[in-house]
Every structure is written in C-alpha cells, then in structure tokens.
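A quick write-up on the structure given underneath.
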Amino acid sequence: MKPVPKEGILDMPAYVGGRDAIKGIANPYKMSANENPLGASPAALAALEKAFDPSVYPDGHATALREALAKLNGLNADNIVCGNGSDDILQLLAQAYLGPGDEVLHTEHAFLIYKLASRATGARPLAVRETELTANVDSLLEAVTPATRMVFLANPNNPTGTMLARDDIVRLHAGLGGDTILVLDGAYAEYCDPQTYPAGFDLVEQHNNVVTTRTFSKAYGLAALRLGWGYCPPDIANVLNRLRGPFNINQPAMAAGLVALEDQGHIEASRSHNAHWREWLVQQLGGIGFSVRASFANFILVEFDSDQQAAAAEAFLCARGVIPRGLTAYGLPHALRLSIGTEAANRAALAALTDFVAEADAETGK
Ligand SMILES: *Cc1c(COP(=O)(O)O)cnc(C)c1O
C-alpha cells in the first residue's frame with residue numbers, strides 16, 4: 001500500500017520554465033521568461049529595503065493593495081482577490097469550479113498553466129484550433145459542450161503574442177452557458193495601448209461568469225515577489241476568498257506592489273521601451289529573412305523552416321550568451337520565443353541570429 005494522488009495529477013508533466021543559465025557563460029542575456037529588462041520601479045525597490053517586522057503576520061485581506069488597485073483601475077475593491085502570482089488565482093479558479101467530468105477550453109498554443117491547473121482537478125482540458133496563431137472564437141464556440149465549465153483566454157496570448165479585439169471577446173462570452181467561467185488572463189495588459197486594450201473589467205461587472213487576472217510579474221518587474229490579482233463577480237470573489245491561503249500575499253510583496261502601482265511613469269517607460277525594441281527587432285529580423293508576426297506583448301515569436309532549425313538556433317543563441325525560450329511544450333517546436341530585452345540584449349540576439357542564418361545559408365549553398 002502507498003498513498004495515491006487524485007486522478008489526473010500523475011498525467012501532468014511538471015512545469016518547466018525558461019532556461020536561466022548557460023554553462024560556461026557568466027552573464028547571459030536571459031530572454032526566455034518575459035521579464036522586464038528595466039526591472040522594477042526604483043520606488044518599489046526602495047520599499048523592499050524598508051524594515052518590516054517579519055515576526056508579524058501580513059494583512060490577510062491585502063486591503064491597502066486592493067484599494068490601490070481599485071482606485072487605479074476604477075474597480076470595486078471588494079471584488080479584487082490577490083494571489084501569490086496570478087498563477088495562484090488561475091489555480092484557485094480551477095480548484096473551486098472544476099472536477100472529474102468537466103471540460104475546459106483553451107487555445108491551441110496557450111499558457112501551460114491552464115492545462116496543468118485543470119488536470120490537477122481531474123477535469124479535461126481541450127486545446128482548440130487557432131487561425132494564424134490567433135484564438136478563433138468560432139472554433140472555441142464549436143468546442144463548447146454541456147460539460148464545458150471554464151474557458152481560459154490569455155489576451156495577448158503567451159507564447160504567440162496575438163490578441164483578440166473586444167467584439168470577439170464579447171461574442172465568445174455570449175456563446176457560453178451561464179455556468180461556464182470565462183477567464184481573461186491579462187498578464188501582458190500593461191504592454192498594450194491603454195486607450196484600446198479590451199481589459200474586460202466591465203464584462204466582470206455586468207456578468208457573473210467572467211474573471212480577469214493580472215500580474216506584477218511582467219511589466220511591473222516584480223516576478224520574484226509572486227503577486228497577482230483577479231477581478232471577479234461577487235460570488236466568485238467570495239468562493240476564492242474561502243479557498244485561498246489566509247495569508248497568500250507576503251508583506252514585502254504587498255509593500256512593493258503598492259508603491260509600484262503609484263509609479264505609473266515606470267510602466268509607461270517600460271511600455272515605450274518595449275514598443276520601440278519590439279518594432280526594431282521585427283524589422284531587423286525581417287531584413288535577414290524572418291517574417292515575424294505582430295506581437296502585442298513583451299516578446300516575439302521567431303519561426304524557423306523546421307523543428308531542427310529552431311533547435312539548432314536555440315543552441316547557437318545559447319552559445320552566444322542569448323537565452324531564448326524553446327516552445328516544444330507549447331506545440332511550436334519550429335519556433336523560439338524571444339523576450340524584448342535591454343538594448344544590449346536585443347542587439348546581441350540580432351547579431352547571433354544574423355550569424356546563424358549566414359552559417360545555415362553557407363551550408364545549404366544559398
Ligand atoms: C507570465 C504569465 C502569467 C503570470 O504568472 P505569475 O504567476 O503572475 O507570475 C500568467 N499568464 C500568462 C499568460 C503569463 O504569460
């Protein structure tokens with residue numbers, strides 16, 4: 001006899017993150033995890049330096065942080081639930097609302113956590129066909145069955161960088177049953193144009209089955225602190241608050257997050273750095289023969305002619321001190337994801353890819 005975990009758990013591959021080190025290379029450019037190359041707001045770093053008493057429990061309701069998030073985004077603080085990273089919110093949603101016999105929809109090349117969080121509950125995640133690496137609302141709606149309980153959509157999506165417009169999201173929601181939750185994952189929202197980004201907060205307020213999630217890990221540059229949040233209809237907030245760990249947000253994360261929210265100048269600077277270098281990389285890579293599709297996030301998808309070429313390019317880049325994200329686990333073995341980095345990182349990545357292409361051309365006699 002031995003302890004047996006719930007069904008589904010041993011079918012899950014463990015999550016493997018982007019590489020962060022290369023043997024023999026001291027300070028590689030890590031372009032594999034979509035981190036902010038400008039780092040965190042200096043004010044947030046200063047807040048982390050401030051003394052706090054580690055013997056005292058943090059505010060289990062994250063009240064100040066929720067109020068600040070509500071003020072910044074024009075939301076109701078009561079319906080914000082904070083998480084230990086937004087992964088925490090995604091996991092809580094799955095745990096609270098999914099079980100054996102339930103079906104979950106996500107797009108073909110979606111963030112891996114959707115699949116893992118669903119499987120952990122015994123539910124069945126289904127990957128739905130995309131068009132041009134973009135979520136296809138018709139296909140998603142065709143995949144809906146009476147067993148569908150949750151639909152995860154990252155907007156923009158990781159790792160494709162593509163995005164749905166508001167009309168598409170509204171149409172997707174309208175085709176779901178009232179007992180099916182639409183989860184809009186806005187991990188890269190801050191990189192989008194604030195005037196036109198379809199945040200979906202209004203959908204959360206108008207319906208009882210839409211949740212949006214956000215994170216401090218990407219544009220806010222606070223990935224190590226593990227801080228994220230969800231905006232939920234009241235009943236779902238109530239459920240997540242019962243299920244979550246009572247002190248799931250630690251004190252330094254709350255303190256730094258609060259100050260980071262006040263420094264929107266840092267977010268604007270990060271957005272503009274990202275837009276500038278993303279455009280530059282797309283153009284330059286176009287010049288050496290890659291057709292890189294438009295990305296709305298802080299990374300681009302570089303596609304190769306074959307899986308072998310992508311693997312060779314990954315090894316070539318790593319040997320040059322540039323770490324991309326291989327995408328075999330995402331069903332895109334012919335592509336690499338490259339986070340927009342510092343100017344030096346972006347130039348190093350371009351130089352390495354230029355040499356890679358030249359060597360490949362020399363070999364094939366082009
Ligand atoms: C990075 C990322 C997250 C955020 O993860 P955290 O747990 O908040 O660090 C969520 N969704 C997507 C699509 C991501 O790429």
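The values are calculated or read from the model by the stated rules, or taken from the named source; none is laboratory data. Remember, predicted model here, so these are calculated numbers, not experimental data. Quick reminder, even Gly has a Cβ in these numbers, built from the backbone with ideal geometry, and neighbours come from all protein chains shown. Areas reflect the complete protein model, heavy atoms only, side chains present, ligands, DNA and RNA absent. Shrake-Rupley method; radii C 1.70, N 1.55, O 1.52, S 1.80 Å.
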Along the Cα-to-C-beta direction of Asp355, a point sits 7 Å from the Cα; which residues of segment 270-289 have their amide N less than 15 Å from that point?
-> none
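Using a 1.4 Å probe on the protein chains only, how many percent of the accessible area of the chain belongs to carbon and sulfur?
Whole-percent figure for carbon plus sulfur exposure: 53.
Just need the relative contact order of segment 42-263 here, percent rounded to a whole number, with Cα pairs under 8 Å and 6+ apart.
Normalised by residue count, the contact order of segment 42-263 is 29 percent.
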If packing is taken as the mean number of other Cβ atoms within 10 Å per residue, what is the order of 42-51, 59-68, highest first?
-> 59-68, 42-51
Taking the dipole of the chain about the Cα centre (Lys, Arg +1; Asp, Glu -1; charges at Cβ), the one of Ile249, Ala43, Phe290 that reaches farthest to the positive side is Ile249
Unit charges on C-beta of K, R, D, E only; dipole of segment 42-263, Debye = 480 debye
Count the DSSP beta bridges whose two residues both fall in segment 42-263, then state the antiparallel fraction as a percent rounded to the nearest 5.
-> 35 percent
Segment 297-366 and segment 181-220 have their Cα centres apart by a whole-number Å value of 30 Å
Would you kindly compute the Cα radius of gyration of segment 313-366 and its largest Cα-Cα separation (Dmax), both in Å?
-> 12.0, 34
How far, in degrees from 0 to 90, does helix 251-262 lean away from the longest principal axis of the Cα atoms of the chain, to the nearest 10?
-> 70 degrees
Residues of the chain: accessible area per residue at 1.4 Å, in Å²?
-> 45 Å²
What number, rounded to the nearest 500 deg cm²/dmol, is the helix-based mean residue ellipticity at 222 nm of the chain, given -39500 (n - 2.57) per DSSP H run of at least four residues and division by all its residues?
-> -12000 deg cm²/dmol
Per GNM of the chain with C-alpha springs under 10 angstrom, the most fluctuating residue out of Glu142, Glu314, Glu279 is Glu142
How far is helix 63-73 tilted, in degrees, relative to the longest principal axis of the Cα atoms in the chain, given as a value from 0 to 90 rounded to the nearest 10?
-> 60 degrees
Of Gln91, Leu222, Val170, which is farthest on the positive side of the dipole of segment 42-263, counting Cα position, with +1 on Lys and Arg Cβ, -1 on Asp and Glu Cβ, and the Cα centre as origin?
-> Gln91
Whole-Å semi-axes of segment 58-131's equivalent ellipsoid (Cα gyration tensor) | 29, 15, 10
Inter-site label distance for Asp202 and Val56 at 7 Å from Cα along Cβ, in nm | 4.2 nm
Going 7 Å from the Cα of Glu363 toward and past its Cβ, which residues in segment 299-321 have a backbone nitrogen under 19 Å from where you end up?
-> 302-321
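Around Asp20, what is the net charge, scoring Lys/Arg as +1 and Asp/Glu as -1 over all other residues with Cβ under 13 Å from its Cβ?
+3
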Cα-based Rg of segment 42-263 per 2.2 N^0.38 Å, rounded to two decimals?
-> 1.00
In the chain, taking the dipole from +1 charges on Lys and Arg beta carbons and -1 charges on Asp and Glu beta carbons about the Cα centre, the listed residue (Asn274, Ala352, Ala117) farthest towards the positive end is Ala117
For Ala315 and Leu141, extending 7 Å from Cα along the Cα-Cβ vector and measuring point to point gives, in nm, a value of 4.7 nm
Net charge, Ser139 excluded, C-beta distance under 10 Å - Lys, Arg +1, Asp, Glu -1 | -3
What does the charge count near Pro333 come to, summing +1 for each Lys or Arg and -1 for each Asp or Glu among other residues with Cβ under 11 Å from its Cβ?
-> -3
